[in-house]
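Undergrad: My questions will all concern the structure given below.
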Amino acid sequence: MTPTATQSEQDNGDRLLAGDIRALRKARGLTLAEIALKLGRSVGWVSQVERGLSIPSVGDLRAFANLFGVSISLFFSHDVPVEEERGVIVRAGRRRVLGTSESGLVEELLSPDLGGSFEMVRSVFAPGAEMKTAALRPTEEAGYIASGLFDIEIAGVWHRLGEGDSFRFEGKPYRWRNPGTEPAVVIWVVSPPVY
């Protein structure tokens, strides 16, 4: 690989990292000043990171991950071997694993990045896993059950879903559980992106 190609790949990775940090901040409704205060950094530095002009250290990325409630690995997974696929295609073996506070849940980002008006996530819920406390996000969400059994409570009403079923809700409290003995796989779409 030529030095020019290597620099170009690094620049693309830096641009994607900057876009992800900006998308996460906006999804959480935080201002540059609020992020700067929480990180103990200047507003100018945070702005430069979001524009790809400053590259955060690993320690800075860990602080961003803690602040946004995501796994730090989300920031290191921008490797796309075919330049024409960058920002367009996500290969099965190159999905970014997303952090979660819920045990029994593994999520992978199916969207190429966190930019755009929505994100698509593959969620695998372990048998017996559940979200005990309802969440309320300022989002529109939809899901398709690819396999297994999946219960979702939307605005206080439980719904049992199976393979091939789907759901959608907007701005309503929800929680979930896997009542089955097999993992439940749900393709989840969230607008705007929250990871």
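Here, each number is a calculation from the coordinates, and none is a lab measurement. What you see is a predicted model, and the numbers here were worked out from it, not measured in a lab. Quick reminder, even Gly has a Cβ in these numbers, built from the backbone with ideal geometry, and neighbours come from all protein chains shown.
Undergrad: Extension gain residue 31-residue 89, at 0.36 nm per residue separation less the Cα-Cα distance, in nm?
TA: 17.8 nm
Undergrad: Right, next: Take the alpha carbon atoms of the chain, find their radius of gyration, then divide it by 2.2 N^0.38 Å using N residues; give the quotient.
TA: That works out to 1.10 for the chain.
Undergrad: With a cap of 16 neighbouring Cβ atoms within 10 Å, and only residues DSSP puts in a loop, list the GluC sites (Glu not before Pro) found in segment 136-195. Walk me through the intermediate numbers first.
TA: Details: sites: 140, 141, 153, 163, 170; in loops: 163.
Those that pass, being in a loop and sparsely packed, are 163.
Undergrad: Would you list which lysines come within 23 Å of residue 172, measuring only between C-alpha atoms, while excluding same-chain residues fewer than 8 positions from it?
TA: Residue 172 reaches 26, 132.
Undergrad: By count of other Cβ within 10 Å, fewest leading, how are 158, 176 ordered?
TA: On the way: 158 12, 176 24.
By the 10 Å Cβ count, ascending: 158, 176.
Undergrad: Report the gain in length on full extension from residue 43 to residue 62: 0.36 nm times residue separation, minus Cα-Cα distance, nm rounded to one decimal.
TA: Roughly 5.0 nm would be gained on extension.
Undergrad: Calculate for the chain the 222 nm mean residue ellipticity that helices alone would give, adding -39,500 (n - 2.57) per DSSP H run of length 4 or more and normalising by residue count, nearest 500 deg cm²/dmol.
TA: Calculated mean residue ellipticity at 222 nm is -8500 deg cm²/dmol.
Undergrad: If each residue's Cβ is checked for other Cβ atoms within 10 Å, how do 124, 157 rank with the fewest at the top? Spell out each step's value before the answer.
TA: Values: 124 18, 157 8.
Neighbour counts put them in this order, fewest first: 157, 124.
Undergrad: Only four residue types carry charge here, +1 at the Cβ of Lys and Arg and -1 at the Cβ of Asp and Glu. Report the dipole size of the chain about the Cα centre in Debye, rounded to the nearest 20.
TA: With Lys and Arg at +1 and Asp and Glu at -1, about 560 debye.
Undergrad: Lys/Arg Cβ at +1, Asp/Glu Cβ at -1, dipole of the chain taken about the Cα centre: which of 90, 190, 47 is farthest positive-ward?
TA: Highest projection toward the positive end goes to 47.
Undergrad: Please report, largest first and rounded to whole Å, the three semi-axes of the ellipsoid equivalent to segment 88-191, where each semi-axis is the square root of five times an eigenvalue of the C-alpha gyration tensor.
TA: 21, 17, 12
Undergrad: With a 10 Å cut-off between alpha carbons and a GNM built on the chain, which of 92, 63, 184 moves the most?
TA: Judging by the Gaussian network model, the answer is 92.
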